[in-house]
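The values are calculated or read from the model by the stated rules, or taken from the named source; none is laboratory data. Because the structure is a prediction, the values reported are computed rather than measured. Quick reminder, even Gly has a Cβ in these numbers, built from the backbone with ideal geometry, and neighbours come from all protein chains shown.
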Amino acid sequence: MAKYKEIAKVVSQECIATGVYSMWIKTADIAKEAIAGQFISVYCNDGAKLLPRPISICEVDKEEGLLRIVYRVVGGGTKEMASYVAGDDIDILGPLGNGFMQKESKAILIGGGIGIPPMVELAKELNGKCEVSIVAGYRDELFLIDEMKKYGDLYVATEDGSCGTRGTVIDAIKEQGVTGDVIYACGPTPMLRAIKEYALANDIEAQLSLEEKMACGIGACLACVCKSKDIDEHSQVHNKRICKDGPVFLAQEVEL
């Protein structure tokens, strides 16, 4: 799949939760190619920040050439992004990585924290093809609830019990009796590790989108490797590049 580096335009931006921002971007080419599970690299205007910020794609509008990203402010780069307003230029590269391997089987989509946004586009793409259940895990403050409800049955878990099941996404699955033939998940490593164990114990296929700090975003620098079951035929090591070989992997392919 082709990737493009372009100066896109910010269409809109809003804060949807504490420190969490939603931005729609008008692109020339990237939106036409993007699929659920991929990401873009966003370059900063500040010359002191050389490395781009990898941001998951939340929604795609191919007809209008629009991408939506939802991100959390965690450092200088994302702080700069949060200052952008409609009409501003934004330097991006994408679409990057491999998306989810979609199947027309009863699906459980699981997102945790800032791993929730990719589930919106995935649910949209699966809508009408199979039965979709979405399990979203939050610390406390909710976001993207209305978007997810459009495309599947939504179940919520919160750490403080303020909404839905008190506890983890696995607690919510068990409490609500959520079932499926394939799991698609994105979120922090401890959550993905628990999902992998649950999937293996219940003989369910699981596709995991790994979160990792990245540098080049195209697989050249080897800054974002994870341990794999198989030996790479070129490097002869048990490593896979999350940006290039992933970010989506079958659960049995990777060590967490």
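Descriptive notes on the structure:
- Scanning the stretch 27-56 for residues that are crowded, with 19+ Cβ neighbours inside 10 Å and either free of Cβ contacts under 8 Å to residues at least 12 places away in the same chain or not in a loop (DSSP other than H, G, I, E, B) (or both) yields 30, 31, 39, 40, 41, 42, 53, 54, 55, 56.
- Scanning the stretch 60-107 for residues that are assigned by TED's automatic domain parsing to the domain that holds residue 11, acidic (Asp, Glu) and within 28 Å of residue 130 (Cβ to Cβ) yields 61, 63, 64.
- Residue check, residue 192 part of a helix (DSSP H, G or I), surrounded by fewer than 19 Cβ atoms within 10 Å (Cβ to Cβ), at pLDDT 95 or above and not charged (D, E, K, R): no
- Some residue of the stretch 129-142 being surrounded by 14 or more Cβ atoms within 10 Å (Cβ to Cβ), touching a residue at least 24 places away in the same chain (Cβ under 8 Å), part of a helix (DSSP H, G or I) and not aliphatic (A, V, I, L, M): no
- Flag for residue 203 being part of a loop (DSSP other than H, G, I, E, B), at pLDDT 95 or above and exposed (fewer than 14 other Cβ atoms within 10 Å of the Cβ): yes
- Under the condition of being closer than 14 Å to residue 54 by Cα and outside any loop (DSSP other than H, G, I, E, B), the residues counted in the stretch 81-112 number 9.
- Selection count where residues are over 16 Å from residue 186 (Cα atoms) and among the polar types (S, T, N, Q), scope the stretch 106-157: 1
- Counting residues in the stretch 157-179 that are surrounded by fewer than 20 Cβ atoms within 10 Å (Cβ to Cβ), closer than 20 Å to residue 58 by Cα and not charged (D, E, K, R) gives zero.
- Lone qualifier among 77, 112, 94 - being farther than 30 Å from residue 198 by Cβ, in contact with a strand residue (DSSP E or B) (Cβ under 8 Å, 6 or more places away or on another chain) and in contact (Cβ under 8 Å) with a residue 40 or more places away in the chain: 94
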